[in-house]
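Worksheet for the structure shown next.
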Amino acid sequence: MGQETQDDTTQEKKNATTGRTASDAGWHVSRYNVSAPIADSANVAIANLFKGTCAEYSPIELYLMSVLDEIDEHHPIIERLSKRGVIANFDELAALETMGRGSCSFSKVVSLTICPTMGCNFDCPYCFESHGHGKMTQEVQDDVIKLAERMLDAAKPETLSVTWFGGEPLLAPEVIESLTQRLMVLADEHSCDYSASIITNGYFLTQDIVDLLDRCKVEQAQVTVDGIGATHDATRRLANGKGTFERIIANLRDTKIPFKVKIRHNVHKDNRHEVGDLKQFIKDLAASSGNELNYYTAIVSDSQTANDRGEQVNLLCDNSALDVTLETDSTTFRGGRGHYCGANVILSVGIDEKGNLHKCWESVDKTELAYGNARDWDPANPLATASNPDNLTVFLNTALPLPDNECRECVWLPLCVGGCPYQRLFNQRACINAKQDPEAFVLALHSRIKKK
């Protein structure tokens, strides 16, 4: 009997007794697994970046995962491993890229980032904006409402989501209140939910303003605190150079805030030593005030506008910042998606105080990067009604699939999705910090999951 005939006979007997192997059925180990050995244990923690799972696996589970070409396709381990995504029977990269293409189409959410003013009372050296003056006029507000109505008519979404941004949006609270009343009516007329948040420096967060924001259905605020006392004041200072720490903390302590407040710590070279102390400070402040204050870190990133001020380059952290971002990255861990942020989503629009439309928060002060105006742009015909279509398509095209083979082949692609579009387009591609130490990232995830 020839070798080929003998092999065929062996396979026939195998199929007759056990059916196809898991490998024959298309199962393979996920390309997006990142693992780490667990100290004082034979087990291994594996995070699957596509599904957004992290779990502990025993030696027998690891062995079965390695012999998918031998075990039966109906082996009970298949269902257990596939639910967590550590094995898959489809092309995960192709799925991610399909999600990316889909992000450019209409979605269930219309998202407006509205800047009532680009002015600001602060002068932070790392700020990526060149602050202007003036507030949104009534005419521009009317244009914003008409734009929102066109977007709701075209998309028929489940939610109208608004983020108040700037500049410092609380320099123009009357614009926030006026627009909110009209936007809520629109949401009601289109039978969709309304939600709102605000990015503010916290300087004007008095009880009267908090009550106004509550009436405006704000569900979350972000306030930046860069350290304790003088450390904060070194970077979060008024335009006249005076510090702001005491007033911001007094607002967070003495004001009854009915919505969540995310306390962002912009970490740079001169304040990273206070990460632990500030985290505890905010925790104590939350307990004493009764307000829901949640601390998180973000590394100060490079920008030309900040560099032009002359201080930015001295603040940037080096590549050893993983210890700062590890907890935040593990806390926000989620499954893969096809786009990085609203810059890749057609129904996510940034609007400056003049009504110019932008795809990115970092470009709202740069009129040369606007792609249209609230007066004219129609999402039902987005390119024909854009005054500068290239400024729209260049951001949308940073969604997956990327013309970047290194990114396409990277295990971290589901998590970073190519990185910040603005940085990719105008600075340089920024890889996820966890890439520096994959095992530390997985163990941080594992530790968080065990606590739960």
Cα-Cα pairs of segment 19-110 separated by more than 21 Å (percent):
41
Interchain or sequence-distant (5+) residues whose placed amide H lies within less than 5 Å of the amide H of N388 are G372
Measuring from label point to label point, each 7 Å out along Cα→Cβ, what is the N121 to A230 span in nm?
2.5
Working only with C-alpha atoms, what are the Rg and Dmax values of segment 114-157, expressed in angstrom?
14.8, 42
Through the Karplus equation 6.51 cos²θ - 1.76 cosθ + 1.60, θ set to phi - 60°, convert the phi angles of segment 375-385 into ³J(HN,Hα) values in whole Hz; use x for Gly and Pro.
5, 10, 6, 10, x, 6, 9, x, 7, 5, 9
For a label point 7 Å along the Cα-to-beta-carbon line of T367, residues of segment 90-118 with backbone N under 11 Å:
none
Report the label-to-label distance for A287 and K83 in nanometres (one decimal), using points 7 Å from each Cα along the Cα→Cβ vector.
3.8
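Can you give me the relative contact order of segment 169-298 as a percent, contacts being Cα pairs under 8 Å and 6 or more apart?
23
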Between E189 and V67, what is the label-to-label distance in nm when each label sits 7 Å out along the Cα-to-Cβ direction?
6.7
Percent of all alpha-carbon pairs of the chain at distances over 42 Å, whole number, is 24
Cα-based Lys pair tally, segment 114-260, threshold under 19 Å, eight or more apart or on separate chains
4
Between the alpha carbon centres of segment 177-254 and segment 367-444 the gap in Å comes to 27
I need to check one value: relative contact order of the chain, counting alpha carbon pairs closer than 8 Å and at least 6 residues apart, in percent.
19
Cα to Cα, under 24 Å, and not fewer than 8 places away if on the same chain: which lysines meet these conditions relative to K51?
K83, K108, K435, K450, K451, K452
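Bear in mind that the values in this text are calculations on the coordinates, not laboratory data. Remember, it's a predicted structure, so these values are computed and weren't measured experimentally. We place every Cβ from the backbone using ideal geometry, glycine too, and count neighbours over all the protein chains shown.
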